Each structure stands twice: as C-alpha cells, then as structure tokens.
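Below is one structure, written out as structure tokens; comments come after it.
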Amino acid sequence: MANFLRLLGRRLAALPLMILGVTLLVFVVLQFAPGDRAVAALGEGASPEALAQYRQANGFNDPLIVQYVHYLGKLITGDFGSTLPPAKPIVDVIASAFPVTLQLTFVGVIIAVVISLVFGVLAALYRDTWVDQLIRVFSVAAIATPSFWLGILLIQWFALGDNSWFPSGGLADPSEGFAGWLSSMALPALALAVPVSASLIRVVRTSMVEELDRDYVRTAIGNGVPYFTVVSRNVLRNALVTPVTVLGLRIGYLLGGAVVIEMIFSLPGMGQQILNGITNSDTNLVQGVVLVIAVTFVIVNILVDLLYLLINPRIRTV
C-alpha cells in the first residue's frame, strides 16, 4: 500500500506541471492564429485609432511572456475572459457546452468498451476459427472508417425516411426522460465509438490469447476448475491491464472526435463552440474551449494510470 500511495503521489504531483504545459502550448499556438482580434471585436469599419486603443487596453502590444503571465493569472482566478460582442462570460459558455461533450464521450466509451470486450474475448476464445476471422475483418474495416462518415451513414440508415428510429440531431434533456436522452445520444455515440472499439478489439484479443497460453490456466483446468471460471476470474482480469492503458490514450481521440460528431448531429457541445469561435475569430472562446478539453484529457489519463495500478497489483510493489 505504501508503494501504491507513493506512485499515486507522483502522478498527482505531476498534474500541475502538465496543466501548466498545456496552458502554455494552447496560448502560444493561438497567438499565431490568423486574424486580428481587435478587428474581430470592433468590426472591419473601426478606425485605426479605435483599433490601436483596443489593442493597448487589452495588452495585445505587450510581449508574449507578459501576455501569458496575465492570462495565467486570470485562469488561476477562474476568469476565462468574455466572448466577442454581445459579450458573454466564457465560463458560462463552457459550463453549458462541456456537459454535452462529457455525456457524448461517456456513452461513447461505454459502447467502445462493450464492443471491444465482447468481440475481443470471442476472437480469443475461438481463435483461428471463422469467428475470429470475421471479427478481424470487422475490426480492420471499422478502423478504416472515419467517425464523421459513419455518423452521416447512421443518419441516412436510422434517422431519415421510413427508418427514422432515432433523431437525426439535437439533444434531449435528461430531465425530460432517460429514453429520449439515450435515443438522441445513440447514433453520435456509436459513430464515435466504433473506430475506437475496433482498435481495442485487437488489443483485447492479443492480451487474452497471451493469458490463455500461460501455465496457470492449464494447471487450473487440469485441477478441475471449470474453464469459464478460470477465464472470467483470472484470465479476463489479467488481460485487461493492457487494454485499459490503451483506452486511456483513445479517450483523447474520443474527446477530439466528439467535437466533429457534435457538429454533424447538431449537439450544443464544445465542438459547436469551437466552430463559433473560429468563424467569428473569437480567440478567447477557442482558447478557453481547447484548454478545457486538453486539461480534461490530461486528468483522464492520470485517472487511467491509477486504474492501471489498481488492476495490476504487481506494479504497486515496483
């Protein structure tokens, strides 16, 4: 337990440095984005004097290091700034949009985990049979399928014409009924999850095959332990170590993919806000949204590391 707490402390101690690095990267990249923030705020008809006064008032003429320190100071106090006129606190915009992206990502993760576990375990248990070959074909095809293209196909197949089983866009409020909310989340989450689950299927299959070939499995079966018990209690748990680590890396893809999927399905999430920010040259809005997504990815990966420690007791003694 002491070693586990020490490893936990290292992960948590590294969190502030990671977040600081993310803020610096996001700030520097967006500083070199095309467009003039003063013109975007005041309009193209603004006089040169008004533009110069706006730049001076907002510190755009200061050195980048000074601008970054001011920006970091505001972030520490929870001030993300305001959107372009009509001005609205960016914190409020993120507070309304971020839960939508989290919901989509969460449902996508659940679907990806279920698909990868079911097909990955079946492929390992029936390796080198027609079942394994069929699952391999599916995984290769799914990996090569872009999530946005799959989303468009799902809308055509299940949301238009006589096959309108699901809504083609929009998000139902969970307070109005779980069934309606789940129906509005089903297609976008499936489009987001399928490419991720396809890569996880191969990881689960490989891990399961390696565990099934170990000596302890043959020993347990030779001693009369039922095959299903060995697989469910020992093999599956040991085989999940690597897939959990890979899933942590794929969550970043899910967050990024959610931004695109939200625009296809008209979901009022972070993707819609990024599009609004880019369209209106609203650097503050883009900066705030991208920063929240990046920090979320960092935190999720640390949580996955901790889950990895819990699943694999051997690493606690390292």
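The values are calculated or read from the model by the stated rules, or taken from the named source; none is laboratory data. Nothing here was measured: the structure is a model prediction, and the numbers come from that model. Cβ atoms come from the backbone with ideal geometry, glycine included; neighbour counts cover every protein chain shown. Please note that ligands, DNA and RNA were not included when accessible areas were found on the heavy atoms of the full protein model with its side chains. Shrake-Rupley method; radii C 1.70, N 1.55, O 1.52, S 1.80 Å.
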Angle in degrees between helix 178-212 and the longest Cα principal axis of the chain, rounded to the nearest 10: 50 degrees
What percent do you get for the relative contact order of the chain when only Cα pairs under 8 Å and 6+ apart count? 27 percent
Specify the angular offset, from 0 to 90 degrees and rounded to the nearest 10, of the alpha carbon long axis of helix 130-143 from the longest principal axis of the alpha carbons in the chain. 10 degrees
In debye to the nearest 20, how big a dipole does segment 171-298 give about its Cα centre with +1 on each Lys and Arg Cβ and -1 on each Asp and Glu Cβ? 500 debye
Whole-Hz Karplus couplings 3J(HN,Hα) for segment 170-177, θ = phi - 60° and coefficients 6.51, -1.76, 1.60, Gly and Pro as x, run x, 10, 7, 5, x, 5, 8, x
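Please compute the per residue accessible area over segment 191-318 with all protein chains in place, 1.4 Å probe, rounded to a whole number of Å². Working shown, then result.
Working: 5680 Å² over 128 residues.
On a per-residue basis, segment 191-318 sits at 44 Å².
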Figure the gain on full extension for Thr129 and Leu306 (residue separation times 0.36 nm, minus the Cα-Cα span) and round it to one decimal in nm. 60.1 nm
Tell me, what HN-Hα J-couplings in whole Hz come from the Karplus equation 6.51 cos²θ - 1.76 cosθ + 1.60 at θ = phi - 60° for each residue of segment 274-288, using x for Gly and Pro? 4, 4, 4, x, 5, 4, 9, 6, 8, 5, 4, 5, 4, 4, x
Using alpha carbons only, how many degrees (0 to 90, rounded to 10) separate the axis of helix 2-31 from the longest principal axis of the chain? 40 degrees
Efficiency of FRET between Val28 and Ile110 - r from beta-carbon atoms, R0 41 angstrom, step 0.05: 0.70
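Treating only the Cβ of Lys, Arg, Asp and Glu as charged (+1, +1, -1, -1), what charge dipole size does the chain show about its Cα centre? Round to the nearest 20 debye. All intermediate terms of the calculation are to be shown ahead of the outcome.
Values: 18 positive and 18 negative charges, 258 e Å.
The dipole magnitude comes to about 1240 debye.
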Taking R0 as 30 Å and r as the Cβ-Cβ distance between Ser232 and Val137, the FRET efficiency 1/(1 + (r/R0)^6), rounded to the nearest 0.05, comes to 0.65
Where only alpha carbons of segment 189-318 are counted, the Rg and the Dmax (Å): 20.2, 69
Using helices alone, I'd like the mean residue ellipticity at 222 nm for the chain: each DSSP H run of four-plus residues gives -39500 (n - 2.57), total over residue count, nearest 500. -24500 deg cm²/dmol
Dipole of the chain, positive end: most advanced residue of Gly151, Tyr126, Thr105 [Cβ charges, Cα centre]: Tyr126
Percent of alpha-carbon pairs separated by more than 23 Å within segment 128-226: 50 percent
Mind checking the per residue accessible area of segment 62-155 for me, 1.4 Å probe, whole number of Å²? 54 Å²
What do you get for Rg/Rh of the chain when both radii come from the Cα atoms and Rh is the Kirkwood radius? 1.06
Proportion of all alpha-carbon pairs of segment 99-176 beyond 15 Å (%): 71 percent
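Loop-only chymotrypsin sites (Phe, Trp or Tyr not before Pro) in segment 128-237, please: DSSP not H, G, I, E or B, and at most 14 other Cβ atoms within 10 Å.
Details: sites: Trp130, Phe138, Phe148, Trp149, Trp157, Phe158, Trp165, Phe178, Trp181, Tyr216, Tyr227, Phe228; in loops: Trp165.
For chymotrypsin sites (Phe, Trp or Tyr not before Pro) across segment 128-237 that sit outside H, G, I, E and B with at most 14 neighbouring Cβ atoms in 10 Å, the list reads Trp165.
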Where in segment 1-97 are there chymotrypsin sites (Phe, Trp or Tyr not before Pro) that are in a DSSP coil and have at most 11 other Cβ atoms within 10 angstrom of their Cβ? Phe32
Of all accessible heavy-atom area on the chain, the percent that carbon and sulfur account for (1.4 Å): 67 percent
Tell me, what is the FRET efficiency for Ala57 and Glu210 to the nearest 0.05, using R0 = 51 angstrom and their Cβ-Cβ distance as r? 0.25
